[in-house]
Amino acid sequence: MATTMWEARARDGRLADLLDWVAARVPAHATVYRSAHGDPRVVVIDPAGFVADLLGDPPQELVARPPHSWDFEPVPRDATQPRPDRV
């Protein structure tokens, strides 16, 4: 199962609005973060991998550019397990 990270940069002055929009749509198991410094960004980590489909594209007036999402898979810590890139 993949974990999805979804990220959007808020328009200047719209971070709180983007956070409200995201919070109303994400499932309870997802974690929402906001940037502590720098550009106003919202990041969602969803261990179930559904958040990108649930959020899609936020209203254009809330974001400075379209959001990005990436899927991650766990990496075994046991070096004896075969790695997918070497199978």
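Placing pseudo-labels 7 Å out from each Cα toward the beta carbon at D17 and V43 gives an inter-label distance of 2.5 nm.
What is the dipole size for the chain, taken about its Cα centre, with +1 at each Lys and Arg Cβ and -1 at each Asp and Glu Cβ, in debye to the nearest 20? Working shown, then result.
Details: 10 positive and 13 negative charges, 39 e Å.
Roughly 180 debye for the chain.
Here the spin labels are modelled as points 7 Å beyond Cα on the Cα-Cβ line, and at R25 and V75 they lie 3.1 nm apart.
Hey, can you rank 38-46, 10-18 by average C-beta count inside 10 Å, highest first? Let's see the in-between values first.
Details: 38-46: 17.6, 10-18: 15.8.
Listed from highest to lowest mean packing, they are 38-46, 10-18.
Quick check on the chain: helices-only [θ] at 222 nm, where DSSP H runs of length 4 and up contribute -39,500 (n - 2.57) each and the sum goes over total residues. Nearest 500, please.
Details: 2 runs with 14 residues, N = 87.
So the helix-based figure for the chain works out to -4000 deg cm²/dmol.
Using the charge dipole of the chain (Lys, Arg: +1 at Cβ; Asp, Glu: -1 at Cβ; taken about the Cα centre), state which of A10, P74, V32 has its Cα farthest towards the positive end. About the Cα centre, the residue reaching furthest to the positive side is P74. Checking [x] 13.1; [y] 7.1; [z] 6.4 against mean projected area of the Cα convex hull in nm² calculated from these atoms, the matching label is [y].
Rule-based calculations on the coordinates, nothing more; no lab input. Keep in mind that what you see is a predicted model, and the values were worked out from it rather than measured. Note: ideal-geometry Cβ built from the backbone for every residue, glycine included; neighbour counts use all protein chains shown.
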